[in-house]
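All remarks here apply to the structure that follows.
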Amino acid sequence: MYNEPLFTVLNWDIRPHLLLMVLGILLCLALAYRLMKKGGIPGKARLAFLALCVPLAFVCGRLGHALVYLSDTLDDPASLLRFGADQFLLLGAGLGLVVAMLLSARIGGNSFVKLSDLAAPALALMLAWSRLLEGLVGLGYSLDITSPARQFFPLGIYDDYWESWAYAAFMLEALAALLIVLYLLRRKQDGQRFILLVFLYAVLQIWFESLRRDAYARVGFIRVNQLLCALLVGGIVLYWLLRAKSGITYVLPRCIALLALAGIVMVMEFAVEYKVGFLLELNQRWRLTQSEHYLIDYGVMLAAALLMLWLGMRAFHAQRHSAQANAPLSASLAH
């Protein structure tokens, strides 16, 4: 897609991706400011968030990528000063935003939970916007499209480098993030929106990350973002299950089910590359084409991710009901 320099400022090429990214950041900051103001966050906390979120997200995103490729960074420390679009770790940038919200809440004398709850829709919108713009810089491409009938945008995108069509995974990621925005805006401000944002993003990204075929952070055969998302999902669901206070007979089977589903995703990751023996034998016995092979593997992965989503949301509602049931008892004891 077109991302040629429009003009130059101080030897920096200003490209459409950069201009649109800046525009998206400004719009999302304005939305966050408005939501926090409406929610009663003091002016100094709102201004602190506006001042801190972009630089902290930028620095943490760059450091996250540098840590993933630590040996390369140590060999060439000057690489830290290179800011290509594929040299940032999105979850690192997310950590920077968390730090910005913690500092802003402290400056304004508010709770982090309230501030992050109010900012969550704007953060999800920025996620959708950044994913959408990945196509301009050749990121977020998936498998090749061989059938001319499916070679059209937004299902696919033409890869100028390889001179072929690829599925546009970044469009799916942007659409999912946009649906999360709408879901969060429909929810009341109950202190749960930010953790829901993290959970929903992470559980869906487990599948999306497997679709990506370019510039994904990896160590050996491990896709770093996919692993981090799986850990986030496991930690959040365990937190919700423990808050539900239903005992070990409730928590343990659900934890085992979550681990089993994560294991299925991992097996399918190897199966995609024809590295699982018994599945390879089935593949040969059924004489599957490569397209059929991918369809089955990614379909099973998607089913596992959706089941993880279902288990997580069940745990979320269970802990909410538990908290609501305990609220009258706590109130009566206080009196």
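Per-structure values
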{"read-out": "Scope segment 40-55; condition closer than 24 Å to ARG187 by Cβ and exposed (fewer than 15 other Cβ atoms within 10 Å of the Cβ); matching residues", "value": "GLY40"}
{"read-out": "Only listed residue being assigned to a loop (DSSP other than H, G, I, E, B) and open to solvent by less than 30 Å² (accessible area, probe 1.4 Å), chosen from LEU133, LEU127, LEU139", "value": "LEU139"}
{"read-out": "Pair list, Cβ < 7 Å and 6+ apart or interchain, from segment 3-27 residues that are closer than 26 Å to ALA128 by Cβ and open to solvent by 70 Å² or more (accessible area, probe 1.4 Å) to residues that are assigned to a helix (DSSP H, G or I) and at pLDDT 80 or above", "value": "LEU6/PRO16"}
{"read-out": "Check on TRP207, touching a residue at least 12 places away in the same chain (Cβ under 8 Å), assigned to a strand (DSSP E or B) and either hydrophobic (A, V, I, L, M, F, W, C) or touching a His at 6+ places or on another chain (Cβ under 7 Å) (or both)", "value": "no"}
{"read-out": "Any hit, segment 218-238, residues being without any contact (Cβ under 8 Å) to a residue 12 or more places away in the chain, part of a helix (DSSP H, G or I) and either of a type in the set (S, T, N, Q) or open to solvent by 70 Å² or more (accessible area, probe 1.4 Å) (or both)", "value": "yes"}
{"read-out": "Sole residue being touching a helix residue (DSSP H, G or I) at 6+ places or on another chain (Cβ under 6 Å) and surrounded by fewer than 20 Cβ atoms within 10 Å (Cβ to Cβ), chosen from PRO154, PRO121, PRO148", "value": "PRO154"}
{"read-out": "Every residue from segment 147-170 that is within 14 Å of GLY135 (Cα to Cα) and at pLDDT below 90", "value": "ASP159, ASP160, TYR161"}
{"read-out": "Qualifying residues in segment 56-88 (those that are open to solvent by 30 Å² or more (accessible area, probe 1.4 Å), more than 19 Å from the chain's Cα centre (by Cα) and among the small types (Gly, Ala, Ser)) - the one nearest to LEU103 (Cα to Cα)", "value": "ALA78"}
{"read-out": "VAL276 of a type outside the set (Ser, Thr, Tyr), closer than 22 Å to ASP144 by Cα and buried (at least 17 other Cβ atoms within 10 Å of the Cβ)", "value": "no"}
{"read-out": "Residue match in segment 188-202 (condition: without any contact (Cβ under 8 Å) to a residue 12 or more places away in the chain and either under 20 Å from ALA124 (Cα atoms) or touching a Cys at 6+ places or on another chain (Cβ under 7 Å) (or both))", "value": "yes"}
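The values are calculated or read from the model by the stated rules, or taken from the named source; none is laboratory data. It should be emphasised that the depicted structure is a prediction, and the values quoted were computed from it without experimental measurement. Methodologically, a virtual Cβ is constructed for each residue, glycine included, from the backbone with ideal geometry; neighbour enumeration extends over all protein chains shown. Just the protein is used for accessible areas: all its heavy atoms, side chains included, with ligands, DNA and RNA removed. Shrake-Rupley method; radii C 1.70, N 1.55, O 1.52, S 1.80 Å.
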